[in-house]
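> To start, I am sharing the structure in question, which I have written as structure tokens.
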Amino acid sequence: MSLQGPGTRLGLSSVAVAAGVAAAAGAAQLGVGYGLGVFSWVPTVHGGDEAAWLASLAWTVWISALSVVLGAVVADRVGQPTVQSSTAVRALRRAALSIAAALGGLVVVALTAVPARVAERADTFAPHLIVGGYAIAGVLLGLFISVAALVARSIAANVLATGGWLWLLAVTAAADGIAAGRDPVVAQLGSWPVTTDGPWFRSVYLPGAAIAAVAAVVIGFLAALPAARRRDGQAGVALSGAAGPALVAAAYLLAAPRLTGALPEQLSAHLVAPYAVVTGLIGSVLALVLCGPRRPRPVTAPVPPQYTGSDATPAPAVPAQAVPDKTGSGKKASDKNGAAGDTSDKPASDKPASDKPAPGRTAAGRATVTKAASDDTAAQQPADEPDATGATPPTGPSGVSPVADPPGPRQPRKKR
């Protein structure tokens, strides 16, 4: 069976990878924990070892939740689609991977409930049912965190980095106890008793609190730094620092909702866990502020300075073009003396032409002007009016003056 979408395909392979990785991660963590004595279901009567019981419950919640997140993230990275798909297909794919990882994480329920049958509790006759219930709660918590981890890669990086740090701290605490020759004791989740006598401040073990706070800040900053440089979603990057510490705090809260009668080391671990959430959030926000996207500055083109002083260089003068001679006399026109054949674009004057020659003009020029003026005057007179001498202009056979009406085309003669 396969679920197809635009550009991606979700088959049984990715679902099998999610379930298999989650089951393998849960089994591997339980093997390390049982082998090093990090947690165990030792027989207890009348609450003689309450701290070990509560610490083992917290580890059960953490291991089951981390296994689900690890299975979903690995399956998502292995079967990452190479073509962009729609939002609905991506959401359906993430939900399927998270559910498959949760089904694989149920292996932790069996691997913790069966060994817990040897535990002896005064408040219950079936401690294995309690341990199994805590394992199921951790699986459900991991299902919720895995969905967020698939949406924001910074959240997945923070949870996995926090898990690696907690296991490194637990292995270091177990190795330190073995090297010192002390009896193996259950390690607290996210806490390491560096010294045996403090210092303490109001039921808070200061060395353990400092280690938890510094580790949360560093992991939150380093896990959010690549996402901030990739310009991922700002909300996911800012909240990623609280993902891993919040999972630890939830494990402690489920293990001991009420802290009445808790031992000092257990009380210190419970009180430090919420503050680690705040410090981890500070680390991720710091990474977003330092390496996040910044608003681009507006780029303005530089305007060259313009100098308008008195000593500014004037613009080069454009040479005037010579007007060609239209009269065909072969002489260039002059703007000053008006040579013969000068034809300019200026409109003619409304004043009548004078018979007196203009100074500076030649006789040929006067004759040309006088003849043009007389032709215009004759053309404006009606055909039936006499001219200045009193003679009527001759008319043609059609009664139209040959001056006013030019002759038409020549007609052929009629044969007699």
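> Just one of the numbered conditions (1) touching a residue at least 40 places away in the same chain (Cβ under 8 Å); (2) under 30 Å from GLU120 (Cβ atoms); (3) outside the structural domain of SER67 (by TED's automatic domain parsing) is not true of ILE178; which one?
The failed condition is (1).
> Right, something else. Quick one: would you say THR162 is at pLDDT 90 or above, β-branched (Val, Ile, Thr) and not assigned by TED's automatic domain parsing to the domain that holds ALA243?
yes
> What's the number of the only condition in (1) surrounded by fewer than 18 Cβ atoms within 10 Å (Cβ to Cβ); (2) within 21 Å of VAL186 (Cβ to Cβ) that PHE144 fails to meet?
(2)
> Turning to a different aspect of this structure: Given the condition among the aromatic types (Phe, Trp, Tyr), over 17 Å from SER146 (Cα atoms) and modelled with pLDDT of 90 or more, answer yes or no: does some residue in the stretch 47-59 qualify? Working first, answer last.
Initially, the stretch 47-59 is screened for residues among the aromatic types (Phe, Trp, Tyr), giving 53, 59.
Adding the requirement that they be over 17 Å from SER146 (Cα atoms) leaves 53, 59.
If we keep only those that are modelled with pLDDT of 90 or more too, we end up with 59.
Yes - at least one qualifying residue is present in the stretch 47-59.
> Still on this structure: Are there any pairs, at least 6 apart or on different chains, whose C-beta atoms fall under 8 Å, with the first in the stretch 187-204 and farther than 11 Å from HIS270 by Cβ and the second among the hydrophobic types (A, V, I, L, M, F, W, C) and part of a loop (DSSP other than H, G, I, E, B), and if so, which?
The qualifying pairs are ALA187/VAL38; ALA187/PHE39.
> Take LEU150 and tell me if it is surrounded by 13 or more Cβ atoms within 10 Å (Cβ to Cβ), of a type outside the set (Gly, Ala, Ser), in contact (Cβ under 8 Å) with a residue 12 or more places away in the chain and within 20 Å of THR279 (Cα to Cα).
On the way: surrounded by 13 or more Cβ atoms within 10 Å (Cβ to Cβ): yes; of a type outside the set (Gly, Ala, Ser): yes; in contact (Cβ under 8 Å) with a residue 12 or more places away in the chain: yes; within 20 Å of THR279 (Cα to Cα): no.
So LEU150 does not fit the description; no.
> Based on what the data block shows, is GLY280 modelled with pLDDT of 90 or more, part of a helix (DSSP H, G or I) and either outside the structural domain of ALA137 (by TED's automatic domain parsing) or on the phi < 0 side of the Ramachandran plot (or both)?
On the way: modelled with pLDDT of 90 or more: yes; part of a helix (DSSP H, G or I): yes; either outside the structural domain of ALA137 (by TED's automatic domain parsing) or on the phi < 0 side of the Ramachandran plot (or both): yes.
Answer is yes for this residue.
The values are calculated or read from the model by the stated rules, or taken from the named source; none is laboratory data. Everything numeric in this text was worked out from a predicted model, so none of it was measured. A quick note on method: Cβ atoms are made from the backbone with ideal geometry, for glycine too, and the neighbour counts reach across all protein chains shown.
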